[in-house]
1. Filter region 100-110 down to residues that are under 21 Å from K175 (Cα atoms) and open to solvent by 50 Å² or more (accessible area, probe 1.4 Å) and give me whichever is nearest to the chain's Cα centre (by Cα).
2. Going by what's in this entry, would L97 be described as in contact (Cβ under 8 Å) with a residue 60 or more places away in the chain and farther than 17 Å from S169 by Cα?
3. Kindly establish whether I38 is farther than 19 Å from A139 by Cβ and surrounded by 18 or more Cβ atoms within 10 Å (Cβ to Cβ).
4. Return the pairs, sorted by first residue and then second, in which the second residue is of a type in the set (F, W, Y) and open to solvent by less than 10 Å² (accessible area, probe 1.4 Å), the first residue lies in region 121-132 and is within 10 Å of R87 (Cα to Cα), the beta carbons are less than 9 Å apart, and the residues are 6+ apart or on different chains.
5. Of the residues D47, D6, which is of a type in the set (D, E, K, R), assigned to a helix (DSSP H, G or I), open to solvent by 40 Å² or more (accessible area, probe 1.4 Å) and modelled with pLDDT under 95?
6. Given the options A86, A113, A128, name the one that is surrounded by fewer than 18 Cβ atoms within 10 Å (Cβ to Cβ), of a type in the set (A, V, I, L, M) and in a helix (DSSP H, G or I).
7. Which of the residues spanning region 156-171 are β-branched (V, I, T) and either exposed (fewer than 14 other Cβ atoms within 10 Å of the Cβ) or over 17 Å from the mean Cα position of the chain (by Cα) (or both)?
Amino acid sequence: RILPLDAIFAGQQPFPVDHPRYELPLAPVAGVPPLGTIIGAGNAVMDIVVAKAPTKAMHHTFFTSQADSVGVQIQIGQAAMRLKAARLMSYQVAEMLDAAAGQDEPMAYGTRAEIRTQLAHAAQEALAAIHTLINVHGAATFAETNRIQQFWRDANTAARHAAFNPFVSYEILGKELLGIPKRISPAV
């Protein structure tokens, strides 16, 4: 009942069922569900901030509501695009995995490297959106009774998983694109 981790990451373990989905390597597949959680947390923060902006005062300004501020409007738009970019990257990863599941040969290392990097980059985009939205919402975000702090904490915790380390992922992809054969992680 013990399988070598390298074989699992490479998709070379004995399969319990004869189905193409089980032939996909673990690393690219395993990052998708937690990314959904991170993006979902970002969407929840967006919903709260947008709902409160028309009635939330903007302290130390002459604006009667946050929604009246062009600065807030720009930040909301920027956060929305970051969340959309993260979502679109996750959809592309799902499409790449679906396409690979129907193939007779193992998924190429370059494809796995790209998927890992897209997952990490998408997580960073979602975190950046959350960060921007927290700047809009203000210090009240971190009150224990504020749901935003829970979403912030959960998204940041999930994004700290080793699979989402952007710098390792960028290095893996960069080495692959440059033709440098040195591997730095079995989780690709």
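The values are calculated or read from the model by the stated rules, or taken from the named source; none is laboratory data. Quantities reported herein were computed from a predicted structural model and do not represent experimental measurements. Methodologically, a virtual Cβ is constructed for each residue, glycine included, from the backbone with ideal geometry; neighbour enumeration extends over all protein chains shown. Side chains are part of the model used for accessible areas, which takes the heavy atoms of the whole protein and leaves out ligands, DNA and RNA. Shrake-Rupley method; radii C 1.70, N 1.55, O 1.52, S 1.80 Å.
1. Narrowing region 100-110 to residues under 21 Å from K175 (Cα atoms): 106-110.
Next, only the ones that are open to solvent by 50 Å² or more (accessible area, probe 1.4 Å) stay: 106, 108.
Details: P106: 25, A108: 22 Å.
If we take residues in region 100-110 being under 21 Å from K175 (Cα atoms) and open to solvent by 50 Å² or more (accessible area, probe 1.4 Å), then A108 is nearest to the chain's Cα centre (by Cα).
2. Numbers: in contact (Cβ under 8 Å) with a residue 60 or more places away in the chain: yes; farther than 17 Å from S169 by Cα: yes.
Here the answer is yes, as L97 does meet what is asked.
3. Values: farther than 19 Å from A139 by Cβ: yes; surrounded by 18 or more Cβ atoms within 10 Å (Cβ to Cβ): yes.
When the stated conditions are applied, I38 passes them.
4. Pairs found: A122/F164; A123/F164.
5. Step by step, each of D47, D6 is checked, and only D6 is of a type in the set (D, E, K, R), assigned to a helix (DSSP H, G or I), open to solvent by 40 Å² or more (accessible area, probe 1.4 Å) and modelled with pLDDT under 95.
6. Only one candidate qualifies: A128.
7. First pass over region 156-171, keeping only residues β-branched (V, I, T): 157, 168.
Listed by number, the list holds a single entry, T157.
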